[in-house]
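To start, the structure itself, in structure tokens.
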Amino acid sequence: MDVFSSLPTSNEHIKCVDMHTSGGPVRIPIQGLPNLTGTLLGQKSQASLPENDYIRRRLLLEPRGHDGMYGGILRKDTELTKSGVADIGILYIHSGGYSMMCGHVTLGVSRFLIDTHDPEVFPNREKLRFDTKSLTTELRLHAPCGLLRITVPTMPDGKSSDPNRDVSFLSVPSFAAGLDIEVPIETIRKWTELGTRSSIVVDISFSGAFFAIVSAQELGFANGVKDIRNLEELWPVVNTIRDTISTAPELSAYTYLPTSPEPVLVNGVIIRDSTIGQTREDVSGAEVGIVFVENAIDRSPCGSGTAARVALAYAKGERKIGERWAYHSMLSLTSDGQGPFVGSPEEEIVIPGGKGVGARGVVVRTEGRAYYTGASIFVLEDIDKISRSGFKIMELSKALAGTRRTQHAQEPGT
């Protein structure tokens, strides 16, 4: 029996294309998905239901994925594709759930969408506009956070992407929500490097999601990221910052969208260091950032985080329109400088309903490269219960504790 050819005959199999954008994984399922209908946000809600969410869990959690796994579910029919405003839609998925925006997935998926000519995957592919002068193809992607305008370098025949040049996208309206905000740190949650201080100063910026941005030096690392020996040990610091901003009313006030009556949770925390970072001839400068999003450390420089940092720098007067800056991750910094994202403010805009520093924002261009890593068929054998919905090894103790409590409650006399 030829195992590889026989596996797709399994009752449940999902075909995927795998890529990475500066080390950030991008898994794109192209066959074997549940049926979702309605608006894009409605489809996002449907996808998160237990009867559908097993797909995300099966593809992104162990044993087929890991805590840092990301992906994009392509949606052919949304309200914007039907009206002709968008070419295709996307739902961003990660090991913890669903996102409104993910820049590194956007860059990877966009290259794939130029390369595919399968009408079942992308019905509007042949309608895309190819510019023979710039050798680029324009793509309009309907994301949960809004419409993204993407430029994909394309080979002269117009049929495939050019991996030697950066894909770029224009962000949703991005703005600094709060500058130099003092965040108190409870004594019980202080970390060694903080010393005798009881507070830190952070900035909050938005680009499809809210980010708290703080320098490594402000956290007590005198030599910046060079003093950080173990990234995992930063999680208590990150969670303290995120929790404090989310629970203190005077701080969560900075995470309101002008169109929302309720504060939005801080999606990520970026620990930055402007004293380090490899630059190049086509940028004005460089910096490095460690991006903590949801429950993972971003391997890439983080596309939406890059746009949020550009918006912040513009609000502080540190960037001019069109000025390009390189944003490194720890991975790109230690890979001979290969793989930074380049961000630049392209246009100043008014944020409707915005207040204070958040009344004006920018549209940001983010540039980066994505590469293919494989194409897979993920299968599920009928009797395999362990991998049916995936698992997180660190959550098993919680599940076991819940089982014990249930058993104890059912014991006679309790």
Checklist line | Pairwise label distance in nanometres, H117 with I393, each label 7 Å out on the Cα-Cβ vector | finding: 4.4 nm
Next item on the list: Using +1 at the Cβ of each Lys and Arg and -1 at the Cβ of each Asp and Glu in the chain, identify which of G146, G195, G72 lies farthest towards the dipole's positive end.
Entry: G146
Check: Do the alpha carbons of any pairs in K76/K385; K127/K159; K133/K159; K133/K320; K15/K385; K15/K76 sit beyond 23 Å of each other, and which pairs?
Finding: K76/K385; K133/K320
Checklist line | Sites S335 and D131 - FRET efficiency at Förster radius 30 Å, r taken between beta-carbons, to 0.05 | finding: 0.45
Note to self: Need the list of lysines near K316 for cross-linking: C-alpha distance under 20 angstrom, and skip anything on the same chain fewer than eight residues off.
What the structure shows: K355
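If the chain between D243 and L231 were fully stretched, how many nm would it gain, using 0.36 nm times the residue separation less the Cα-Cα distance?
Values: separation 12, 0.36 × 12 = 4.32 nm, distance 1.88 nm.
Residue separation times 0.36 nm, minus the Cα-Cα distance, leaves 2.4 nm.
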Check: Order of H20, H66, H117 from fewest to most other C-beta atoms within 10 Å?
Finding: H117, H66, H20
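As an exercise, use a Förster radius of 35 Å and the Cβ-Cβ distance of H13 and N295 to find the FRET efficiency, rounded to the nearest 0.05.
Values: r = 28 Å, r/R0 = 0.79.
Taking R0 as 35 Å, the efficiency between H13 and N295 is 0.80.
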Notebook entry, point to check: Can you list residues whose amide H is under 5 Å from I185's amide H, if they're 5+ apart or on another chain and H is modeled 1.01 Å from N?
Noted result: S199, I200
Check: Long-range amide H contacts for L36: which residues qualify at under 5 Å (H placed 1.01 Å from N, peptide plane, sequence gap of 5 or more or a different chain)?
Finding: none
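Efficiency by 1/(1 + (r/R0)^6): what FRET value for S376 and E250, r their Cβ-Cβ distance, R0 = 51 Å, to the nearest 0.05?
Working: r = 48 Å, r/R0 = 0.94.
Once the sixth-power term is evaluated, E becomes 0.60.
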Item checked: Reciprocal of mean inverse Cα separation for the chain (Kirkwood radius, Å) -> 22.5 Å
Checklist line | Under Karplus coefficients 6.51, -1.76 and 1.60, residue-wise ³J(HN,Hα) of region 324-333 in Hz, glycine/proline x | finding: 9, 9, 8, 10, 9, 9, 4, 5, 5, 5
Check: With the chain treated as a Gaussian network of Cα nodes joined by springs under 10 Å, which of G354, G368, G268 yields the largest mean-square fluctuation?
Finding: G354
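Ranked highest first by average number of other Cβ atoms within 10 Å, how do 243-249, 169-175 line up? List each step's numbers first, then the result.
Details: 243-249: 14.7, 169-175: 23.4.
Result, highest mean Cβ count within 10 Å first: 169-175, 243-249.
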Checklist line | Residue list for region 249-280, given a label point 7 angstrom along the Cα-to-Cβ vector of W191 and an amide N cut-off under 14 Å | finding: 269-273
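Mind ordering 336-348, 286-298 by average Cβ neighbours within 10 Å, highest first? Spell out each step's value before the answer.
Values: 336-348: 20.1, 286-298: 22.3.
Most protected by this proxy first, the peptides run 286-298, 336-348.
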Check: What's the percent breakdown of Cα-Cα distances in region 175-367 across 10 Å bins, shortest bin first?
Finding: 9, 38, 37, 15, 1
Check: In region 22-101, which trypsin sites (Lys or Arg not before Pro) fall in coil by DSSP and have 12 or fewer other Cβ atoms within 10 Å?
Finding: none
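Which of the three applies to region 3-171, rounded, prolate or oblate, going by the alpha-carbon gyration tensor with a ≥ b ≥ c and a/c under 1.5 meaning rounded?
On the way: a/c = 1.62, a/b = 1.38, b/c = 1.18.
Cα axes put region 3-171 in the prolate bin.
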Item checked: Hits among aspartates and glutamates - C-alpha to C-alpha of K44 under 17 Å, sequence gap 8 or more where chains match -> D53, D77, E79
Checklist line | Amide hydrogen neighbours beyond the local backbone of E62, cut-off 5 Å, H modeled | finding: F391
Next item on the list: For a label point 7 Å from the Cα of V3 along Cα→C-beta, name the residues of region 56-75 whose backbone N is under 11 Å from it.
Entry: none
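Could you give the dipole magnitude of the chain about its Cα centre, charging the beta-carbon of Lys and Arg +1 and that of Asp and Glu -1, in debye to the nearest 20?
Details: 43 positive and 49 negative charges, 67 e Å.
About 320 debye.
Since every read-out is calculated from the coordinates, none of them should be taken as a lab result. Just so it is clear, the model here is predicted, and its values are computed rather than measured. Please note: Cβ atoms are built from the backbone with ideal geometry, for glycine as well, and neighbour counts cover all protein chains shown.
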